[in-house]
Amino acid sequence: MTRERAALAAGSGIRKISAEAELSAEFYGARASTLCKLMAAGLPVPAGHALAVRAVREIATTGFPEDRPLSSLFSDGTLFSIRSSPVSRSWGGPETILNIGMNAEARARLAERVGAKQADALYCRFIRDYAVQVARLDVEDFEAASARLGNGGATPEMVDEFLDTYERQVEDAFPQDPEVQFREGLHSMILAWEGTSARILREARGAPPDAGLGLILQEMVLCRGPGSGGSGYVQYASPISGEDAAWGNFQPHAEGRPGRKPKENGRVLGNGSAASPFGTDGSDVLAATREHADVARRAFGEEMRLDFVLDDGSVWLLDAKPAERSARAAITIAARLVRDGLASREEALLSIDPLSLNEVMLSQVDPRAELDVFATGFAASPGAATGRIVFSAMAAQAMKSREEDCILLRVETSPEDIRGMHSASAILTEKGGMTSHAAVVARGLGVPCVTGAREISVDAKARTVTLPGGRVLNEGDTITVDGTGGRVVSGAPGLVEPELDGFFGEFMRWADEARTMGVRANADTLTEARVAMELGVDGIGLVRTEHMFFEPGRLTVMRELIFAESGAGRQAALNLLLPMQRGDFVELFRVMAGLPVCIRLLDPPLHEFLPRSRQAVQRLAEAMALPVSSLSARIEELSEFNPMLGLRGVRLGITVPEIYDMQARAIFEAAVIVAREAGVAVEPEIMVPLVSENREVEIVKSRVDAVAAAVRVETGFSFEYSLGVMVETPRAVLRAHDISRVAEFLSFGTNDLTQMTYGLSRDDAGRFMRDYVNLGVFREDPFQSLDAEGVGELLLLAIERGRRQRENLLLGLCGEHGGDPESVGFCHSAGFDYVSCSPYRTPVARLAAAQQALRDPDGARRRDGRAG
């Protein structure tokens with residue numbers, strides 16, 4: 001039995017804070033545990049006692065013990081504070097009560113020591129604080145008295161007025177007995193902790209319903225003697241960069257409530273004037289606290305913020321907690337601790353929230369800026385950008401040509417908006433969710449995006465957007481899109497630019513050495529592939545070939561293919577598309593330098609390539625020398641009631657096989673070109689989308705094999721490739737053992753699989769998703785974080801059945817869940833070989849995979865990312 005358990009079993013529940021006590025956070029709260037560690041490190045801490053969590057609960061239910069513990073402490077006139085010590089600091093806690101024991105007798109003693117004026121000020125402050133915090137009186141009554149009587153500071157008349165105000169409000173005299181003050185103060189803090197609002201607030205921070213609170217009774221350091229005195233906080237790591245720099249605040253004559261306006265680099269403490277008790281730069285306090293900070297850093301293996309008081313030049317520590325830090329600073333601090341031998345690489349990797357890497361890699365809204373937030377939506381693509389509003393792709397391209405930043409604002413985007421999305425600095429849509437067209441494309445481009453901003457109303461024709469309350473913005477007005485926080489802000493509040501130098505690269509190398517699961521990127525263009533390689537991926541897990549067709553010249557050829565009325569007409573269009581596709585694949589293979597590249601054959605329904613507006617139909621009719629009526633009739637003929645479940649994916653490849661034949665030839669010819677020129681093996685992975693039956697795979701594979709054989713004969717060059725399927729229908733999951741007889745890999749498209757499992761439209765679910773999450777219907781948006789209970793069970797079922805048929809079956813996940821840390825953890829545990837996500841999210845996935853490998857060291861994966 002530990003000493004803590006023994007003490008609790010003995011019924012005391014109260015321990016003196018000392019170097020030998022070793023009080024744990026579980027029993028006595030985080031602050032009590034920290035103070036013991038500070039004392040053990042030889043640092044100066046005011047004497048105090050800790051009330052255990054259990055003791056606090058007993059006081060809350062049965063009242064104060066009859067044996068009057070700690071009553072002897074009040075006999076010598078010492079003043080005390082009551083401080084909260086919750087089990088976890090993140091839960092918050094009741095406000096500290098200072099100067100317990102202050103009364104008329106203490107006032108007289110202090111007047112002899114520090115002067116009557118200081119004693120009166122201390123007594124007035126205690127009466128006011130006690131009245132407000134313990135008796136729950138209105139602070140305005142005391143402020144009015146201060147304003148009326150306090151022009152020259154505290155006076156005996158003000159003390160009397162404060163005492164009279166208290167007595168009138170409470171109908172009882174102000175308590176002079178220190179023990180009564182202590183009991184009532186303790187009781188008020190417990191009530192504050194148990195209050196409904198406090199419970200809701202801490203549960204929102206992740207606290208359990210029975211979250212424990214310890215309390216500390218600690219001697220006061222008054223800081224009001226003839227020498228220098230006051231209170232403050234300091235840390236020796238910049239919260240912005242993480243570099244070695246002093247940061248904090250000091251308030252003369254304050255008594256243990258640190259100030260709230262930090263300053264950096266030498267002007268931390270003191271007010272920077274000749275009147276400062278520490279000179280113009282607070283150097284005396286800096287020198288006194290620097291040594292303590294170094295000791296605490298070694299003791300905790302962490303960069304710490306010290307809360308301290310200064311009395312006649314002597315520093316006393318009231319608390320220490322991990323230093324404040326931005327995401328960028330957190331990486332620098334972690335790396336510095338490793339460099340100095342105070343932490344291991346593993347500890348450093350586990351200390352960083354993977355999602356915080358978004359803040360490091362991309363521009364962010366300056367956290368110090370005052371914001372006029374006029375709309376919120378889904379944080380669909382991280383980062384932040386400022387620009388002028390435009391309402392069309394053409395306007396975005398025009399702005400880009402003038403080298404002006406713009407924000408593309410649409411009700412929702414379509415493939416026709418691709419060029420405008422490339423030109424925009426950020427994207428904002430009224431409708432949509434985390435996997436809508438705008439969200440997926442924006443993440444691939446690394447462009448900030450907010451979708452589903454329901455508070456706004458977009459009128460593209462009038463080129464206006466109406467905000468809540470009726471305010472209207474016009475084209476050309478400046479806004480800022482915060483894709484990390486899902487906010488839209490008026491004007492240009494200022495951005496913090498990313499910095500990937502320094503320790504970031506080294507930190508990510510540690511992550512790569514630790515992880516055992518591959519991380520690939522979804523990349524459709526040469527630019528995206530280059531970004532992915534710069535960010536250190538293991539290959540490309542998804543090339544969406546349809547995105548290659550949306551360039552204006554190619555889109556016209558693609559439409560000619562769709563509108564062709566004969567096989568010869570289709571082949572003529574395919575002959576034009578072949579060199580375009582081949583050139584795209586050559587560039588991808590060159591950039592990836594022998595790493596795996598998984599290419600999905602054409603997937604979307606044909607309607608996505610069709611013109612929508614009459615102007616676009618007319619332009620296409622002119623290009624094809626056909627009447628508008630003929631094209632309109634053909635568009636009507638191709639329309640489907642539910643095109644996302646219609647003629648798309650493998651169904652298109654089987655009914656119009658020439659398309660997949662052309663794509664396969666382009667892939668193989670590109671592989672031969674790059675293999676010959678680079679001298680490295682290029683083994684493409686060809687993925688068949690929307691499969692639900694093994695016979696579909698057999699049909700496609702037989703034609704792809706025939707194309708491969710023809711290219712080998714024509715080029716005289718031997719190459720290998722693998723063919724697999726994209727698992728995105730529940731039936732493909734159920735028949736995974738059958739499909740795996742032909743397929744060499746399964747890549748799970750969890751965007752569509754989630755959509756089909758739930759029966760939700762991923763494009764429209766944003767209209768009600770926030771309500772569902774807020775009401776607890778869904779724990780989280782299933783399009784944002786993998787549904788481990790439902791969709792996850794399907795994945796496990798497919799893995800078990802697929803690998804039962806093919807032991808070396810390669811398993812990947814290529815939905816956007818591949819960039820969500822929780823989903824990455826699931827994939828690691830489930831036995832996936834790799835996950836794939838948008839290039840700019842791959843560092844998040846790499847760190848999440850490393851952390852999961854450290855927590856689960858037995859879960860080895862194939863890091864080469866290839867089919868076995």
MET39 passes all but one of (1) hydrophobic (A, V, I, L, M, F, W, C); (2) closer than 24 Å to ASN103 by Cβ; (3) open to solvent by 10 Å² or more (accessible area, probe 1.4 Å); which number fails? (2)
Just to be sure, is GLU640 open to solvent by 50 Å² or more (accessible area, probe 1.4 Å), touching a Leu at 6+ places or on another chain (Cβ under 9 Å) and acidic (Asp, Glu)? yes
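Yes/no matrix, rows are residues, columns are (1) modelled with pLDDT of 90 or more; (2) aliphatic (A, V, I, L, M); (3) surrounded by fewer than 20 Cβ atoms within 10 Å (Cβ to Cβ); (4) farther than 19 Å from ALA385 by Cα:
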| site | (1), (2), (3), (4) |
| --- | --- |
| GLY444 | no, no, no, no |
| ASP477 | yes, no, yes, no |
| THR480 | yes, no, no, no |
| VAL489 | yes, yes, no, no |
| PRO498 | no, no, yes, no |
List, please: which pairs have Cβ atoms under 9 Å, are six or more places apart or on different chains, and start with a residue in the stretch 75-86 that is at positive phi and end with one that is open to solvent by 10 Å² or more (accessible area, probe 1.4 Å)? GLY77/GLU105; GLY77/ARG109; GLY77/PRO178
For the stretch 721-759, name all the residues that are open to solvent by 10 Å² or more (accessible area, probe 1.4 Å), in contact with a helix residue (DSSP H, G or I) (Cβ under 7 Å, 6 or more places away or on another chain) and not in a loop (DSSP other than H, G, I, E, B). PRO730, HIS737, ASP738, ASN751, MET756, THR757
So for the stretch 765-786 (the condition being touching a residue at least 40 places away in the same chain (Cβ under 8 Å), acidic (Asp, Glu) and open to solvent by less than 10 Å² (accessible area, probe 1.4 Å)), does at least one residue qualify? no
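Within the group LEU595, LEU500, which residue is within 30 Å of GLY242 (Cβ to Cβ), among the aliphatic types (A, V, I, L, M) and assigned to a loop (DSSP other than H, G, I, E, B)? It would help to see each step written out before you state the result.
Details: LEU595 fails: within 30 Å of GLY242 (Cβ to Cβ).
One residue alone meets the criteria, LEU500.
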From the option list ALA664, ALA633, ALA621, ALA671, single residue qualifying as part of a helix (DSSP H, G or I), modelled with pLDDT under 95 and open to solvent by less than 20 Å² (accessible area, probe 1.4 Å) is ALA621
I'd like the full set of residues that are within 23 Å of CYS837 (Cα to Cα) and not hydrophobic (A, V, I, L, M, F, W, C), limited to the stretch 769-801. ARG779, GLU780, ASP781, PRO782, GLN784, SER785, ASP787, GLU789, GLY790, GLY792, GLU793
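Listed here are the residues, each with its yes/no results for (1) assigned to a helix (DSSP H, G or I); (2) on the phi < 0 side of the Ramachandran plot.
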{"residue": "ARG651", "(1), (2)": "yes, yes"}
{"residue": "ILE654", "(1), (2)": "yes, yes"}
{"residue": "ALA675", "(1), (2)": "yes, yes"}
{"residue": "VAL682", "(1), (2)": "no, yes"}
{"residue": "ILE686", "(1), (2)": "no, yes"}
{"residue": "LEU690", "(1), (2)": "no, no"}
{"residue": "VAL707", "(1), (2)": "yes, yes"}
{"residue": "VAL711", "(1), (2)": "yes, yes"}
Looking only at the stretch 679-703, which residues are touching an Asp or Glu at 6+ places or on another chain (Cβ under 9 Å) and among the charged types (D, E, K, R)? GLU683, GLU685, GLU693, ARG703
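Which of the residues belonging to the stretch 504-542 are under 17 Å from GLU359 (Cβ atoms) and surrounded by fewer than 20 Cβ atoms within 10 Å (Cβ to Cβ)? Give the steps one after another, and end with the answer.
The initial filter retains those residues of the stretch 504-542 that are under 17 Å from GLU359 (Cβ atoms), namely 504-505, 507-508, 511, 535.
Of everything in the stretch 504-542, those that are under 17 Å from GLU359 (Cβ atoms) and surrounded by fewer than 20 Cβ atoms within 10 Å (Cβ to Cβ) turn out to be PHE504, GLY505, LEU535.
List the helices (runs of 4 or more DSSP H) inside the stretch 318-362, counting only whole elements, that have at least 2 residues being touching a residue at least 12 places away in the same chain (Cβ under 8 Å) and closer than 30 Å to ILE17 by Cβ. Can you show your working first?
Values: elements: 327-339, 345-350, 357-361.
Hits in the stretch 318-362: 327-339, 345-350.
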Residues located in the stretch 311-341, provided they are closer than 18 Å to VAL234 by Cα, out of contact with any Gly (no Cβ under 7 Å at 6 or more places or on another chain) and open to solvent by 20 Å² or more (accessible area, probe 1.4 Å): SER314, TRP316, LYS321, PRO322, GLU324, SER326
I'd like to check which helices (runs of 4 or more DSSP H) are fully inside the stretch 74-181 and have at least 1 residues that are of a type outside the set (Lys, Arg), open to solvent by 20 Å² or more (accessible area, probe 1.4 Å) and in contact with a Gly (Cβ under 7 Å, 6 or more places away or on another chain). 104-114, 116-133
Flag for ALA521 being closer than 30 Å to ARG841 by Cβ and touching a Ser or Thr at 6+ places or on another chain (Cβ under 8 Å): yes
List the pairs whose first member sits in the stretch 430-442 and is closer than 19 Å to VAL390 by Cα, whose second member is among the polar types (S, T, N, Q) and outside any loop (DSSP other than H, G, I, E, B), and whose Cβ atoms are under 8 Å apart, counting only residues at least 6 apart or on separate chains? GLU430/SER457; LYS431/THR451; GLY432/THR451; ALA438/THR429; ALA438/THR451; ALA439/SER381; ALA439/THR451; ALA442/SER381
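Okay, residues lined up against (1) modelled with pLDDT under 95; (2) of a type in the set (Val, Ile, Thr); (3) within 33 Å of the chain's Cα centre (by Cα):
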position: GLU683; (1), (2), (3): yes, no, no
position: PRO689; (1), (2), (3): no, no, yes
position: SER692; (1), (2), (3): no, no, no
position: SER702; (1), (2), (3): no, no, no
position: ALA710; (1), (2), (3): no, no, no
position: THR715; (1), (2), (3): no, yes, no
position: LEU723; (1), (2), (3): no, no, no
position: PRO730; (1), (2), (3): no, no, yes
position: ASP781; (1), (2), (3): yes, no, yes
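The values are calculated or read from the model by the stated rules, or taken from the named source; none is laboratory data. Since this is a predicted model, take the numbers as computed values, not measurements. Here the Cβ is made from the backbone with ideal geometry for all residues, glycine too, and neighbour counts use every protein chain on show. Heads up: the accessible areas ignore ligands, DNA and RNA and are worked out on the full protein's heavy atoms, side chains in. Shrake-Rupley method; radii C 1.70, N 1.55, O 1.52, S 1.80 Å.
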